[in-house]
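Working notes for the structure below.
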Amino acid sequence: MPKASPKRDFIYAVGRRKTATARTRLFIKSGPLVVNGKPIDQYFPGLVSKLAYEAPLKLVDLLGKVSASIKIEGSGVSAQLA
């Protein structure tokens, strides 16, 4: 009989745009949003960037209710944020 896979406490997804690739782990618990080891507001500074990365979480009413670990590679900051 095969062993059951261990329960994961996160949702994993990969997103791509132009030459940027983002690997995201979304944890269903309140905590920080971290991009490449930095708080998201340090990696993407500025009000316009903040509005862009908070919009999807506000849409589904998860802002402040989840934490995430995001690894981004390639392209420029604007393509990484989009």
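The table below lists the values:
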item: Matching residues, segment 35-46, being open to solvent by 40 Å² or more (accessible area, probe 1.4 Å) and within 13 Å of the chain's Cα centre (by Cα); result: 36, 37, 38, 39, 41, 43
item: Subset of segment 52-82 [polar (S, T, N, Q) and exposed (fewer than 14 other Cβ atoms within 10 Å of the Cβ)]; result: 78
item: Selection status of residue 5, part of a loop (DSSP other than H, G, I, E, B), open to solvent by 80 Å² or more (accessible area, probe 1.4 Å) and either at pLDDT below 95 or of a type in the set (Val, Ile, Thr) (or both); result: yes
item: Yes/no for residue 49 being among the small types (Gly, Ala, Ser) and open to solvent by 40 Å² or more (accessible area, probe 1.4 Å); result: no
item: Filter result for residue 20 (of a type outside the set (Lys, Arg) and either in contact (Cβ under 8 Å) with a residue 40 or more places away in the chain or open to solvent by 100 Å² or more (accessible area, probe 1.4 Å) (or both)); result: yes
item: Checking residue 29 against (1) in contact (Cβ under 8 Å) with a residue 12 or more places away in the chain; (2) surrounded by 11 or more Cβ atoms within 10 Å (Cβ to Cβ); (3) not hydrophobic (A, V, I, L, M, F, W, C), the condition it does not meet; result: (2)
item: Residue tally, condition under 18 Å from residue 13 (Cβ atoms), among the acidic types (Asp, Glu) and assigned to a helix (DSSP H, G or I), over segment 24-82; result: 1
item: Of all residues in segment 44-82 being of a type in the set (Ser, Thr, Tyr) and in contact (Cβ under 8 Å) with a residue 12 or more places away in the chain, the one that is farthest from residue 21 (Cα to Cα); result: 67
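The values are calculated or read from the model by the stated rules, or taken from the named source; none is laboratory data. What you are looking at is a predicted structure, and each value in this text was computed from that prediction instead of being measured. Backbone-built Cβ (ideal geometry, glycine too); neighbour counts: all protein chains shown. Accessible surface is based on the protein model in full, side chains and every heavy atom, while ligands, DNA and RNA are left aside. Shrake-Rupley method; radii C 1.70, N 1.55, O 1.52, S 1.80 Å.
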